[in-house]
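Trainee: Please find one structure pasted underneath; my questions will follow.
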Amino acid sequence: MADDISILRKFVSPEIIFGIGARHSVANYAKNFGARRVLIVSDPGVKAAGWLEEIQDHLTEENIDWVSFIGVSPNPRTEEVMKGAEVYLANDCNVIVAIGGGSPMDCAKGIGIVATNKGSILDYNGVDTIGSPIPPLVFIPTTAGSSADVSQFAIISDPIERVKFSIISKTIVPDVALIDPETASSMDSFLTACTGIDALVHAIEAFVSTGAGPLTDMHALDAIRLINENLPALLMTPDDLHLREQIMLGSMKAGLAFSNAILGAVHAMSHSLGGYLDLPHGLCNAMLLEHVIAYNYPNAKDRFKIIAETMNVDTRGLTSEQIKQRLMQQVILLKQQVGINQTLTVNGVHRTDIPILSDHALVDPCLLTNPRPSNKRDLATVYEEAL
Ligand SMILES: [Fe+2]
């Protein structure tokens, strides 16, 4: 991590409209991009919640043609991206609107990549692999966690290889994020908890990342504070729109931080887990978080002390080892308060799975910015501790 202001850093972000009712400006933005026909990417759950129809109506009212693609599963798959790109091209679309959680938004990014760059989405695995600009993206998140609406990441599952791969490029930062806390109100408790913990992990990993800097630190710490203070209360009173807004804001800030500082071992290991066993992303992160904190702690003690203090741990008079223990206890307590204190074993991970999980995590680009350099044995040890 870099405290030295003299190091050059860049910071990319979409145009962000944040607040209740933000989603209603979707047609204006589509029109500004010269929309002839919009591809709307979503999923069946978002459709059932009524959010999709509302967007369709807004576009129709402004005489903008649209076609919907809702064939997206919880961990979006390569074939879904390819099918969506076919629909985009067959209907001569020129703008993409995504409404949903991380899955429809990541799938929409993939569709945009294939629509203008051709080939297979598998060709764009990795960092800065996209040659041509992609269509305008207007994203409306309905969860408070993935932050795909502000990030330069798309995570796609390859079900044949049973891996998730990461596409990282500023080409896929959406043009506009319409972040509307009202849309998060359709999440159930489990999804609220998983996505909230995912956002917390984004902020923690961004703050200890070797790519961190002054442009990302402020967002990361604010996100940690907002999520730590408000997530348990939101689980107790899920209809509280003010709390939804605070978590949505925390998620957005975590997204801006991690999109620019990149992530670390929790995400490298969690992508591997989620690709292998098709488990929810936030749950994978939650099961690994305190174990990766313990592993990374020696390489970022000062930064973890600031994280502990931001999570209201009183560090006065404590040794470094005691601060580590207190931070891990706080993370475990927070997970208990939101009801996701499961282990890998409970979710079907066996000791014999660990070599292949470690192999996949070792090549995930998120590991490049982890504060502690890691080999396969290191990652295997952390997986074992999380069993
Ligand atoms: Fe994540």
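Trainee: Straight-line reach from Lys301: which lysines have Cα under 18 Å away, leaving out those fewer than 8 places along the same chain?
Mentor: The reachable lysines, counting only those whose Cα sits under 18 Å from Lys301, are Lys324.
Trainee: Can you give me the solvent accessible area of Lys83 with a 1.4 Å probe, rounded to the nearest 10 Å²?
Mentor: 100 Å²
Trainee: Which angle between 0 and 90 degrees, to the nearest 10, do you get for helix 376-385 versus the longest principal axis of the chain when only C-alpha atoms count?
Mentor: Taking Cα atoms only, the helix is inclined about 80 degrees.
Trainee: So, taking all protein chains as they sit and a 1.4 Å probe, how much accessible area belongs to Glu384, in Å² rounded to tens?
Mentor: Probe radius 1.4 Å; accessible area of Glu384 about 60 Å².
Trainee: Relative to the present Cα-Cα distance, how much length would full extension add between Asn341 and Asp240 at 0.36 nm per residue of separation? Working shown, then result.
Mentor: Numbers: separation 101, 0.36 × 101 = 36.36 nm, distance 2.38 nm.
The span from Asn341 to Asp240 would gain 34.0 nm if fully extended.
Trainee: Once you put a point 7 Å from the Cα of Phe190 and another 7 Å from the Cα of Lys83, both along the Cβ direction, what distance in nm separates them?
Mentor: 2.3 nm
Trainee: Of all the accessible heavy-atom surface of segment 189-267, with the other protein chains kept in place and a 1.4 Å probe, what percent is carbon and sulfur? Intermediate values should be presented prior to the final figure.
Mentor: Values: 1330 of 2070 Å².
Carbon and sulfur atoms account for 64 percent of the accessible area of segment 189-267.
Trainee: Find which of Ile64, Val95, Thr171 sits farthest along the positive direction of the dipole of segment 45-180, computed with +1 on the beta-carbon of Lys and Arg, -1 on that of Asp and Glu, about the Cα centre.
Mentor: Of the options given, the answer is Thr171.
Trainee: Need one word for segment 91-196: rounded, prolate or oblate. Basis is the Cα gyration tensor (sqrt eigenvalues a ≥ b ≥ c); a/c below 1.5 gives rounded, then a/b vs b/c decides. All intermediate terms of the calculation are to be shown ahead of the outcome.
Mentor: Numbers: a/c = 2.11, a/b = 1.40, b/c = 1.51.
It is oblate, given that a/c is not under 1.5 and a/b is not larger than b/c.
Trainee: If you rank Trp51, Trp66 by how much accessible surface each has, with a 1.4 Å probe, what is the order from largest down? Numbers along the way, then the final one.
Mentor: Details: Trp51 35, Trp66 90 Å².
Most to least solvent-accessible, the answer reads Trp66, Trp51.
Trainee: Further question: All other residues with a Cβ under 14 Å from the Cβ of Leu59 taken together, and with Lys, Arg as +1 and Asp, Glu as -1, what is their net charge? Spell out each step's value before the answer.
Mentor: Working: positive: Arg23, Lys31, Arg36, Arg37; negative: Glu53, Glu54, Asp57, Glu61, Glu62, Asp65.
Charge balance near Leu59 sits at -2.
Trainee: Another question, if that's okay. How much FRET efficiency would the formula 1/(1 + (r/R0)^6) give for Ser120 and Leu387, where r is the Cβ-Cβ distance and R0 is 35 Å, rounded to 0.05?
Mentor: Numbers: r = 35 Å, r/R0 = 1.01.
The formula returns an efficiency of 0.50 here.
Trainee: Would you please classify the overall shape of segment 124-172 from the alpha carbon gyration tensor, given that a ≥ b ≥ c denote the square roots of the eigenvalues, rounded means a/c under 1.5, and beyond that prolate means a/b larger than b/c while oblate covers the rest?
Mentor: Values: a/c = 2.16, a/b = 1.14, b/c = 1.90.
Oblate.
Trainee: Next question, about the same structure. In whole angstrom, note down how far apart the Cα centers of segment 256-295 and segment 114-139 are.
Mentor: Their Cα centres are 24 Å away from one another.
Trainee: So, one more: Taking the highest mean first, how do the peptides 304-310, 148-154 order by number of other beta carbon atoms within 10 angstrom per residue? Don't skip to the answer; put the middle values down first.
Mentor: Values: 304-310: 20.6, 148-154: 27.1.
With the highest mean Cβ count within 10 Å placed first, the list reads 148-154, 304-310.
Trainee: Take the cross-link list Lys170/Lys376; Lys10/Lys170; Lys83/Lys109 and give me the ones stretching past 19 Å between alpha-carbons. Could the numbers behind the result be given before it?
Mentor: Details: Lys170/Lys376 29 Å; Lys10/Lys170 11 Å; Lys83/Lys109 13 Å.
Listed pairs above 19 Å: Lys170/Lys376.
Trainee: What accessible area per residue comes out for the chain, rounded to a whole number of Å², with a 1.4 Å probe?
Mentor: Details: 14580 Å² over 387 residues.
About 38 Å² of surface per residue is accessible.
Trainee: So how many Å³ per residue does the convex hull of the Cα atoms of the chain work out to? Kindly include the intermediate steps, with their values, before the conclusion.
Mentor: On the way: hull volume 47.4 nm³, N = 387.
Taking only Cα atoms, the chain has a hull volume of 123 Å³ per residue.
Trainee: Just subtract the alpha-carbon distance of Arg377 and Asn299 from 0.36 nm times their residue separation and send over the number in nm, one decimal. Display every interim value, and only then the final one.
Mentor: Values: separation 78, 0.36 × 78 = 28.08 nm, distance 1.75 nm.
Residue separation times 0.36 nm, minus the Cα-Cα distance, leaves 26.3 nm.
Trainee: Over segment 296-355, with every protein chain in place, what whole percent of the accessible area is carbon and sulfur at 1.4 Å, could you tell me?
Mentor: Values: 1560 of 3230 Å².
Answer for segment 296-355: carbon and sulfur cover 48 percent of the accessible area.
Trainee: Tell me, what ³J(HN,Hα) does each residue in segment 182-198 have, in order and in whole Hz, if you take phi through Karplus 6.51 cos²θ - 1.76 cosθ + 1.60 with θ = phi - 60° and put x for Gly and Pro?
Mentor: Here the 3J(HN,Hα) series is 4, 5, 6, 6, 8, 6, 7, 4, 5, 5, 4, 5, 4, 6, x, 5, 4 Hz.
Trainee: Enter the Cα centre distance for the pair segment 147-204 and segment 307-369, rounded to the nearest angstrom.
Mentor: Distance between centres, Cα-based: 20 Å.
The values are calculated or read from the model by the stated rules, or taken from the named source; none is laboratory data. Not measured: the values here are computed from a predicted model. Because the Cβ atoms are built from the backbone with ideal geometry, glycine has one as well, and the counts that use them run over all protein chains shown. Please note that ligands, DNA and RNA were not included when accessible areas were found on the heavy atoms of the full protein model with its side chains. Shrake-Rupley method; radii C 1.70, N 1.55, O 1.52, S 1.80 Å.
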